[in-house]
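The values are calculated or read from the model by the stated rules, or taken from the named source; none is laboratory data. Since we're looking at a predicted model, the values are computed, not measured. Cβ atoms come from the backbone with ideal geometry, glycine included; neighbour counts cover every protein chain shown.
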Amino acid sequence: AVAGLETPWDARQIVAQVQQSDEKLAPLLTKLNPQRWYDEKGAPSTYIVQWQTAQQEVKDVAVTTQLLKQKIDSLSAALDVYFRMEALEVTARSLSEGAERYADRATADTLNATIAQNFTSRERFREYIKDLASSTEQNFKIADEEAQRCRVTMSQQQACPPPKKSKKK
């Protein structure tokens, strides 16, 4: 293993912090009403789609996070969570900009503050993914070197002629 890779327990704690931070977005997103922004203030209809997308992204992050917790050393699962988390952040930031223009500043500020609070846990999660990738890469390198050694050993054994049987007279 690579020095610095979090223990499974620590990694689960990091993932739990990320999940808790993202779960705080759900009630804030629910308070937004981009349909009203569109109907009453002429906001672009894309905010309605983004609002629906963000609500689904919160659910997706929760589901993929649970899967990752079950198999915390899965690089593909960690990347899935990370990319979904990043997508949620982008969508939430866009909605906060919409809230600034078409709703009220306090809602936008609360949304932005929640996104910002999540930065530290996301940063730790990014580091965990980087360390997990290095560890996985190192394990593959070791396995490949061992496979190469075995192939060489096997080819040398095959190159030697089998022992001759003695003939009985």
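The residue list Q35, Q17 contains one member that is in contact with a helix residue (DSSP H, G or I) (Cβ under 7 Å, 6 or more places away or on another chain), more than 30 Å from I142 (Cα to Cα), surrounded by 13 or more Cβ atoms within 10 Å (Cβ to Cβ) and at pLDDT below 95, which is Q17.
Matching residues to (1) free of Cβ contacts under 8 Å to residues at least 12 places away in the same chain; (2) hydrophobic (A, V, I, L, M, F, W, C); (3) within 15 Å of R126 (Cβ to Cβ); (4) surrounded by fewer than 18 Cβ atoms within 10 Å (Cβ to Cβ):
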site: T7; (1), (2), (3), (4): yes, no, no, yes
site: A11; (1), (2), (3), (4): no, yes, yes, no
site: L25; (1), (2), (3), (4): no, yes, no, no
site: E40; (1), (2), (3), (4): yes, no, no, yes
site: Q52; (1), (2), (3), (4): yes, no, no, yes
site: K69; (1), (2), (3), (4): no, no, no, yes
site: S74; (1), (2), (3), (4): yes, no, no, yes
site: T91; (1), (2), (3), (4): no, no, no, no
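Kindly indicate whether R124 is within 24 Å of the chain's Cα centre (by Cα), crowded, with 16+ Cβ neighbours inside 10 Å and without any contact (Cβ under 8 Å) to a residue 40 or more places away in the chain. It is false that R124 is within 24 Å of the chain's Cα centre (by Cα), crowded, with 16+ Cβ neighbours inside 10 Å and without any contact (Cβ under 8 Å) to a residue 40 or more places away in the chain. Test of understanding: among A106, A62, A54, which residue is closer than 22 Å to E6 by Cβ and either assigned to a helix (DSSP H, G or I) or within 21 Å of the chain's Cα centre (by Cα) (or both)? Within the list A106, A62, A54, the selection yields A62.
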